[in-house]
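Heads up, the thing below is written out as structure tokens.
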Amino acid sequence: MGAFVLPFILVFFLAAHLAPPDRLSPPPAQGIAFAFHVTLSILAYTAFALSFVLSLIFLGEQRLLRNRKLGDVVWRLPALELLERMSQSSVLVGLVSIAIGTALGFLEVDRLSNQYSFFDPKYIITLLVLALYVLYFRLAKTASWRGGRASKLCIFNFVIVVLSFTVVNLYVSHSHRYF
């Protein structure tokens, strides 16, 4: 899996270093709740990224098997069922992490500003990501959505995650202008 994950890590690392410096500012919050909020959010994004890569591998392997192109690569890849289970497990870790991380973020905002701010675009898009991954998790368990359809939905969901993590953080949200 490392050979498939490493290019995505490098792309995100490069994107983080090429971000406009005037858009990035240090967070005003500190403390244990904030540290857990950030850590769990990063864990969630990482789990969703892993699920994305596993879904891409699933679709690629499925295409090779359908076309009966059984070269050396197919025999080195995990079975389709294993890729599916790994993707679902990764999404479950991401769901739990993002739910707890978002709750801690709400508590931290209340502590900093003495008011709940439910209308920050970052919160809204995070709740959308949460809903989309819950939908994926539920649909991936049904017979009609297993396999390729669920993998495509997982890939779509990760596109929303990338938009949430980049465009929303840098240009739309007022309280999340940092990585």
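The values are calculated or read from the model by the stated rules, or taken from the named source; none is laboratory data. All figures in this text were calculated on a predicted structure; none of them were measured in a lab. Remember, those area values only see protein heavy atoms, side chains included, never the ligands or the DNA or RNA. Shrake-Rupley method; radii C 1.70, N 1.55, O 1.52, S 1.80 Å.
Tabulated results
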quantity: PHE8 accessible area, assembled protein chains, probe 1.4 Å, Å²; calculated: 70
quantity: Residue-by-residue Karplus 3J(HN,Hα) for the stretch 132-139, coefficients 6.51, -1.76, 1.60, Hz, glycine and proline x; calculated: 5, 6, 5, 4, 4, 4, 6, 5
quantity: Which of TYR136, TYR171 is most accessible, then next, and so on - probe 1.4 Å; calculated: TYR171, TYR136
quantity: Whichever lysines have a C-alpha closer than 17 Å to that of LYS141, once near sequence neighbours (fewer than 8 apart) are set aside; calculated: LYS152
quantity: Amide H contacts of TRP145 (H built 1.01 Å from N, under 5 Å, at least 5 apart or other chain); calculated: none
quantity: Cα gyration tensor, the stretch 120-170 - rounded (a/c under 1.5), prolate or oblate; calculated: oblate
